[in-house]
Amino acid sequence: MLHLQLRNELWKLFGKKRTYIGFAMFVLAQLVILLVFRFSRASSGMGALLENNGYDMTSFLSPLTAATFTNFWLAYLLLPLFGTLVGGDLVAKEAEDGTLRLILARPISRLRLLALKWVAGALFSLLLTLMLGLTGLLLGLTCFPWGGLFYFVPGESFAVFEPGTGLIRYSAAHLLMALKAISVMGLSFFFGCFNVKPAAATILALSLIFLSFILMNIPWFADLKPWFLTYHLNLWQQVYGDPIQWGRIGESLFLLVGFNATFFAGGVAVFSVRDIKS
Amino acid sequence: MIELRQVTKVFGGRTAVHALDLAVARGEIFGLLGHNGAGKSTTIGMLLGQVWPTSGSVQVCGHDISLQRAKALHRVGAIFETPIFYDYLCGRRNLEILSTYTGITPARRIDEVIEWVGLAGRERAAVRTYSHGMRARLALAQALLPGPELLILDEPTNGLDPEGIHEMRGTIRRLHVELGLTILLSSHLLSEVEQLCSRIAVVHQGRKVFDGTLAETRRTESWIDVELDRFDDAAKGLMAAGWITAVEGGCRMALAPGATVPVVTRWLVENRFEVSGIAREQQTLETFYLSLVKAARADDARN
């Protein structure tokens, strides 16, 4: 029964055209960033940086490097947007359309319904992130020869990996990026459990994420970084560390699971006492 | 099948339903009548566990809806005023989706219901291509899927054309006769209720102002319609004799307590009036409803 109900939620989610906006925009954005990177001075600048640090540019200007470079920006901006868009829709759109009333005329409990919707949202987020990783790599293969991974964030990180290690790090980063997508979806899902329009749930969640990002990046608040949600959402960057700080990854993982449980429990609490009217 | 005891629902500072008592027996077609905003939909929401009562108890199929919602709704189907579905999916997929919220439904059962409501051949088309009438049939199909004992219909003919209304009315009768369903029909359309229901409750501003059989609403009033020559003379004579208390419109007379149609007829004949016709005035549901609402409004104004 559970799998049938989950299948239904997925049918509903993937039957809508707007669900695919995220997938389509990601591919388009990756293509644009990649083309600009390949055919502008950006790639030669990166090559020069590698050469100046004693590495062979041709070994590291690769699909892995290009995809990491591309997805870094998409994970910051577009991933939260599409995650919150779907999370906000899951409950609030059904309430707005009136189909929620049709569902709740049946003997399914509100907790079970929310759990199904959350799992469907989480599967969407996972799929979206994995697709981001895969298409980034495939598009990168059309522009660069296979090679190692170069990860560079000015003032924060400079790391190079052999192709095998690079692929493992790249895959691990996208798995953790999926946790970010699930968390932002969960935040928007929480707001969607209130009596609000789907757009309001999305905007509220995005506003909180942006606010957290702004606070985290104010130099005077540097000591407070671990208190901000976005600090933990960007956990995926840690797998590009050399060496990997497992303690930091464990802490963020633990906190993100806690955040998600809190968002879900809050959503259930709000939704359970809500009156569902036309 | 349904029992509401002293149910009250307050939204913010507004009381939508006030101390409502209601009982619907198995096998009845029960009409819940009231103007828009009277509290009918809120009452239905409480019956389905969608709206939580502020106080009182709601029992559906012998189970308390607040405590045993799943058991209470296991054999209940519902249709709402506007048939809304997942438009981008086909009719059959909509039914598959909605049925699993009750339990596992065999494909054969879905086929049967599609056939029963007359949607066979169109069940694979996207719902967005359906006419309003077809959506109403799909709404009926989803309500019938769990094999309900109780069907709750909230303004089921809203938005239908006259032909659609006629068809829906026929379907409701079929459901009652062929499947033996207990039906709660909420409507503000008096003719619909009058043609379908055996018992009704009238709600006004969240309060029940009447609960009884349709026959009771048609009880004869004390007015009679009289066709005769020299109406004014007859009226004066009957008034003097103490058989009537008032006249109206040159053809209506109000009987005095104890007066009957045979008594008045005998008096008219004995006094050589030519009586072409005389009959007690039959009260329609409309006049009954309007008189109830008028009285309720007068009560509200006094309070």
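The values are calculated or read from the model by the stated rules, or taken from the named source; none is laboratory data. Just so it is clear, the model here is predicted, and its values are computed rather than measured. Note that we place each Cβ from the backbone using ideal geometry, even for glycine, and neighbour counts take in every protein chain shown.
Structural remarks
- Here A:A173 passes the criteria (1) outside any helix (DSSP H, G or I); (2) closer than 16 Å to A:P243 by Cα except the one numbered (1).
- From the options B:R280, B:R297, B:R218, residue that is touching a Ser or Thr at 6+ places or on another chain (Cβ under 9 Å) and more than 28 Å from B:I183 (Cβ to Cβ): B:R280
- Selection from the range A:80-123 of residues that are at pLDDT below 95 and among the aromatic types (F, W, Y): A:F82
- When B:G180 is tested against (1) touching a Ser or Thr at 6+ places or on another chain (Cβ under 9 Å); (2) exposed (fewer than 15 other Cβ atoms within 10 Å of the Cβ); (3) modelled with pLDDT of 85 or more, just one condition goes unmet, and that condition is (1).
- Checking each residue in the range A:146-164 for being loosely packed, with under 14 Cβ neighbours inside 10 Å and in a helix (DSSP H, G or I) picks out only A:G164.
- If you filter the range B:265-283 down to residues that are in a loop (DSSP other than H, G, I, E, B) and in contact with a Leu (Cβ under 8 Å, 6 or more places away or on another chain), you find that the one that is surrounded by the most Cβ atoms within 10 Å (Cβ to Cβ) is B:F273.
- Test: residue in the range A:134-157 that is more than 17 Å from the chain's Cα centre (by Cα), farther than 26 Å from A:V32 by Cα and modelled with pLDDT of 95 or more: no
- Residues within the range A:92-145 that are more than 14 Å from every other protein chain (Cβ to nearest Cβ) and either outside any loop (DSSP other than H, G, I, E, B) or in contact with a Gly (Cβ under 9 Å, 6 or more places away or on another chain) (or both), tallied: 26
- Restricting A:L90, A:L104 to those that are buried (at least 21 other Cβ atoms within 10 Å of the Cβ) and touching a Lys or Arg at 6+ places or on another chain (Cβ under 6 Å) reduces the list to A:L90.
- The lone criterion from (1) touching a residue at least 12 places away in the same chain (Cβ under 8 Å); (2) facing chain A (nearest Cβ under 10 Å); (3) in contact with a strand residue (DSSP E or B) (Cβ under 9 Å, 6 or more places away or on another chain) left unmet by B:G91 is number (2).
- The set of residues in the range A:178-194 that are more than 14 Å from the chain's Cα centre (by Cα) and either part of a helix (DSSP H, G or I) or β-branched (V, I, T) (or both) comprises A:F189, A:F190, A:F191, A:G192.
- Top-ranked residue in the range B:56-80 [being within 7 Å of another protein chain (Cβ to nearest Cβ) and part of a loop (DSSP other than H, G, I, E, B); ranked as nearest to B:L160 (Cα to Cα)]: B:F80
- Filter result (facing chain A (nearest Cβ under 10 Å), outside any loop (DSSP other than H, G, I, E, B) and not small (G, A, S)) within the range B:31-54: B:T42, B:I44, B:M46, B:L47
- Any hit, the range B:132-153, residues being within 14 Å of chain A (Cβ to nearest Cβ), within 26 Å of the chain's Cα centre (by Cα), of a type in the set (S, T, N, Q) and buried (at least 20 other Cβ atoms within 10 Å of the Cβ): yes
- Here B:T217 qualifies as under 30 Å from B:E248 (Cβ atoms) and at pLDDT below 90.
- Qualifying residue in the range A:2-9 (condition: more than 19 Å from A:F161 (Cβ to Cβ), free of Cβ contacts under 8 Å to residues at least 24 places away in the same chain and more than 14 Å from chain B (Cβ to nearest Cβ)): no
- Check on A:N71, within 14 Å of another protein chain (Cβ to nearest Cβ) and surrounded by 20 or more Cβ atoms within 10 Å (Cβ to Cβ): no
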